[in-house]
1. Using a/c under 1.5 as the rounded threshold, could you call segment 279-400 rounded, prolate or oblate? The axes a ≥ b ≥ c are square roots of the C-alpha gyration tensor eigenvalues, and prolate needs a/b larger than b/c, oblate otherwise.
2. Calculate the length of the line joining the C-alpha centroid of segment 128-162 to that of segment 204-251, in whole Å.
3. Reachable lysines from K78, Cα under 21 Å, same-chain residues fewer than 8 places away excluded?
4. Please state, to two decimals, what the Cα-based radius of gyration of the chain comes to when divided by 2.2 N^0.38 Å (N = residues).
5. Extension gain E386-A96, at 0.36 nm per residue separation less the Cα-Cα distance, in nm?
6. Efficiency by 1/(1 + (r/R0)^6): what FRET value for R6 and A172, r their Cβ-Cβ distance, R0 = 35 Å, to the nearest 0.05?
7. Show me, for segment 433-442, the HN-Hα J-couplings you get by feeding each phi into the Karplus relation (A = 6.51, B = -1.76, C = 1.60, θ = phi - 60°), rounded to Hz, glycine and proline as x.
8. Using only the alpha-carbon atoms, how far is helix 335-348 inclined from the longest principal axis of the chain? Give it as 0 to 90 degrees, nearest 10.
Amino acid sequence: MPAWERHLQDHRQEYVAQLLDLLRIPSISALPEHAGDVQRAAEWVAQRLTAAGLEGARAMSTGGHPVVYGEWLHAPGKPTVLIYGHFDVQPVDPLALWTTPPFEPTIRDGRVYARGASDDKGNLLLSIIAVEALLQTADALPVNVKYLIEGQEEIGSPQLPAFVAAHKELLACDVILNADSGQLSETEPTLLVGLRGVCAMEIDVYGARTDLHSGSFGGTVANPLHALAELLASLHAPDGRITVDGFYDDVVTFGPEERAQIAAVPFDEAAFKSQVGVEELFGEPGYSPLERIWIRPTLEINGMWGGFTGEGTKTVLPQEAHAKISCRLVPNQDPARIQQLLQAHIAKHVPHGVKVVVRPGMALAYPYEVPLDHPGNIAARAVLAELYGREPYYGRMGGSVPVCETFLRRLGAYTIGFGFGLLDEQVHAPDEFFRLASFERGQVAFAKLLEKLGEEKPV
C-alpha cells in the first residue's frame, strides 16, 4: 500500500467531519438571500485548498457568484491538470419531504444525507483530499495541478465563460478533470464521454387588463390559461416528437457503433419505472430509453401557473398565465438558434385575443463530447478498471455541465468526467445523499489518476 493510501485511511474520520462541515453551508446559488452563503462556501473551499498544500488559493470575483482558484506547479515537464467542481447547490424544496433538514448533514447506513452531498460537495472534496495525501506523503505531485471551483453551476454558470476567457493564461492546462460526474453503480464503472446542452425560456400570456368574473365575461374574452395550454400543446406531436420547425435540423445521427456502446450499458426498464414511479415509459419513437436520455434532444415544460390555485373555488377568468420550458440539446445543436426557433414557433401559433411575451432564460449550454481515445480517457479507463476489477462502460449524461464546452473552446483542453456520484442519490431532490464508500473510493481513484497522468506526456 502506498504511503498516500495509508494517509487516507489514517485520516478517514477527519475527512468525513470536513465533508459534514462543508455540507452545513446553505450555498444555494439560485436564491439571492443565500448569496452570502455561496461566498462563505467559496472561502471555506479556498482555505481547504491552502490546507491541502495548494498555493495562491483564493476566491475570485466573476460579477456574480465567485469562483475559487489554487495551484501547485512544481512538476516541470509534466502535464498540467485542471480540476473542476462546484460548491453551490440546488434549492431544497419541497422541504417537507426531507427526512432530516437538508443543511444538517446526517449519516445513516453508510450514507451522508444533505443537499449537495453528491452534487457536488462530496465529489469536489474527495479530489482535494487526494491531492493533500500525495503532498503530505511525497512532498510533491506527479503532475502540475490547478483548481477552478465555481459557485454558480446550478444556475447555468452565467459569468463563467467570460471569466475563463479573461483568465486563459491563469487556467492554461493540458487536460481537465471534472469532479461533477459519476459512475453507473457501486460495481460498474463508467467513462463519461458526452453531455447534452441546454437552453430555457419563459412564456408570458396576457389577456384582459385585470382578472374578470367568469360569469359576466366568460365566453367573450380570451382566457390566457386556455391560450397557454394551446401554445404548449403545439410544441409536441402525440408520440412525443417535437414539432418546432427546424428543431432537428442540426442533430447528429449516431451510427451503429455508438448505439452499440449505449446498448451495452445495463438498463433495467422495470427498475427504472419503479424508481421514478410510472407504469410505462414515453418518448420519441425509434430510440431506447438511454438513447432518449443521452443522444436525443428534448423539450420539457418545467412549470406553468396563473389564475386561482388556492383551496376551494373562485370563478375567475385570469388576466395572465405563465410557463417555463427548457430543452436538452445534442451535437450539433446551438442553444441560441434553438431559442430563436422556439420564439418563431410561438409567434406563429399565438392564439387570438391574447398577447404573448417570450423571455430567454439564463440557462444556456452547448452539447459536449470528448474523443474515446483521448489520453485522459485512456488513463481514467485504466484506473477505473483497476479499482472496480472490470472494464468501464462508455456512458453519457442527459444533463449539462456548461463549463465543459467553455473549457474546450477557450482553453483548447478536453474535460474528463471523473466523479463518483450514483444515479439513485436523489440529486436535486429531497433526501439527497452520498455513499461514504464512494467518498473513500474516489479519494484513492483521484490519487491513482494523477499518478497515471504523470506517466503521460502533456496531452
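Values in this text are rule-based calculations from the coordinates and carry no lab data. This one's a predicted model, so the numbers in the text were calculated from it and none came from an experiment. Reconstructed Cβ throughout: ideal geometry from the backbone, glycine too, with neighbour counts over all protein chains shown.
1. prolate
2. 46
3. Within the straight-line cut-off, K78 pairs with K146, K168, K448, K452, K457.
4. 1.05
5. 100.2 nm
6. 0.55
7. 3J(HN,Hα) across segment 433-442, in whole Hz: 8, 9, 6, 5, 5, 5, 4, 6, 4, x.
8. 10
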